[in-house]
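The next block holds one structure in the form of structure tokens; read it before the comments.
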Amino acid sequence: MASNILMPAGAQTTAESKITQWLVKEGDRVKRGDILFEIETDKAVMSVESFAQGTVLKLLYEEGDSVETGSVVAIIGKEGEQIASPTAAMPSASGADDEDDFRPIRRTAEPRAAQVGRKAPDAPVSGSAAKDLSVRGVKAEEVLAMPAARKYARENNVDLAALFEKTGRPLKLADVEEAVQVGAGANTEADSADTYETFVPSVMRRTIAARMLESVKETPQYTVSIKPDMTASLAFLSRANEALKSEEVKVSLNDILILCVASAAKKVPYIRGIYEEEIRIYNHISIGVAVALPDAGLIVPVVKNADTLSLTEIARQSRTLIEKARSGCLPQQDIEGGNLTISNLGMYGIDRFTAIINRPESVILAVGAIQETPVRSGDALQWVPVMDITATFDHRLIDGAVGAQFMAALKQRIENPTLVLV
């Protein structure tokens, strides 16, 4: 009996994921564990493995389609096996089991086999057949287009009828996106002296926007800054890397910050907490590290239970997580469970900035560049390396005095790293 391959739940913050690449085609033989396709969630690009063995009988979506969690995306079975209408295998919008009510669940894009509805599911409109369609003078309501294409056209003021006449085939989301980018089929009320490029926001970018807006709307936030003298930490970093040469481990300043943050969080329990429907204070602290991605996205891999790790273990874990994040191979479990996030823009020469809390966490640290700063020592001034660290706290959980207590403990440890051993 044929098996339905469903779109997995890519993340907790979105009900859909985009298919970025199919790694199989119809007719291919697959076994359990083979990678079928890759999806883009709000967090990263993930690979989806096959739980079934057999022949790929049908691929219901194309690359670039956004699909709701739980929708059937492919069917695997015996070679030559007859399958029912792919849409009949999907859950109904109401969740009913009535055989007369096999409606597909609401989705951003239609299955390829169900496009247009002018052919049987096993005989989708072909490229040659599409060219034979009479499209001259077609009305907007008669345009053959996927729901996602119609929605995007409405949002970007694209004339679907004109675009349909130009392409001569049913329109997909990619057709309308291309039209927006090059200006084809767009209605313009007046010419403008300004020119600009339009880009379609990715799933990740849309989710970042939604989560940041949610954070500032739902969480009362305040900031506290410290300027620790980095002399001792820089010396500690140099000694650590010298000692670890034989182990082929390189420690970064971020790793030392993680170590100091974890130690300070032991002294201030509320830093390990989150405020949702209840207040939860965790026994250990897991620290996220904000990583900028090549396509202007952002992801936060989490060093789990950092307060139980040595500096060497933190260095190894953070390096592995960052490499996975930048290659798009970070599994979901590595971006969940954080208590606090460190966002470091010092490498870009940023002296000081504030960051928005990454919910449901209660703290985020914004780390700036190290600056040589004149500091009075007795009757003289001496130049010392100083770093600006600004913490943003959730005031629902962490009062000003508690936030200040944590930042004082953090500054103390950064200026004297041996305190992490106490």
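Only one of VAL384, VAL367, VAL375 is in contact with an Asp or Glu (Cβ under 6 Å, 6 or more places away or on another chain) and in a strand (DSSP E or B); which?
VAL384
Assess whether GLN317 counts as being surrounded by 15 or more Cβ atoms within 10 Å (Cβ to Cβ), in contact with a Leu (Cβ under 9 Å, 6 or more places away or on another chain) and either modelled with pLDDT of 95 or more or not in a loop (DSSP other than H, G, I, E, B) (or both).
In short, yes.
Scan the stretch 182-205 and tell me whether some residue there is within 30 Å of ASN416 (Cβ to Cβ), touching a helix residue (DSSP H, G or I) at 6+ places or on another chain (Cβ under 7 Å) and either surrounded by 15 or more Cβ atoms within 10 Å (Cβ to Cβ) or modelled with pLDDT under 90 (or both).
no
Which ones in the stretch 334-364 are of a type outside the set (A, V, I, L, M) and more than 20 Å from VAL268 (Cα to Cα)?
Once the filter is applied, which keeps residues that are of a type outside the set (A, V, I, L, M) and more than 20 Å from VAL268 (Cα to Cα), the stretch 334-364 yields ASP334, GLU336, SER343, ASN344, GLY346, TYR348, GLY349, ASP351, ARG352, PHE353, THR354.
Take the residues in the stretch 390-422 that are charged (D, E, K, R) and not in a helix (DSSP H, G or I); name whichever of them is farthest from GLY368 (Cα to Cα).
Across the stretch 390-422, the extreme among qualifying residues is ARG396.
Run down ILE258, ILE279 and say which single residue is assigned by TED's automatic domain parsing to the domain that holds ASN339 and farther than 15 Å from GLN412 by Cα.
Residue meeting the stated conditions: ILE279.
It is to be established whether one or more residues within the stretch 335-355 are within 30 Å of THR207 (Cα to Cα), among the β-branched types (Val, Ile, Thr), in a helix (DSSP H, G or I) and in the same structural domain as VAL289 (by TED's automatic domain parsing).
Yes, the stretch 335-355 contains at least one residue that is within 30 Å of THR207 (Cα to Cα), among the β-branched types (Val, Ile, Thr), in a helix (DSSP H, G or I) and in the same structural domain as VAL289 (by TED's automatic domain parsing).
The values are calculated or read from the model by the stated rules, or taken from the named source; none is laboratory data. Since the model is a prediction, treat every value here as computed from it, not as a measurement. Cβ sites come from the backbone with ideal geometry, for glycine too, and all protein chains shown count toward neighbours.
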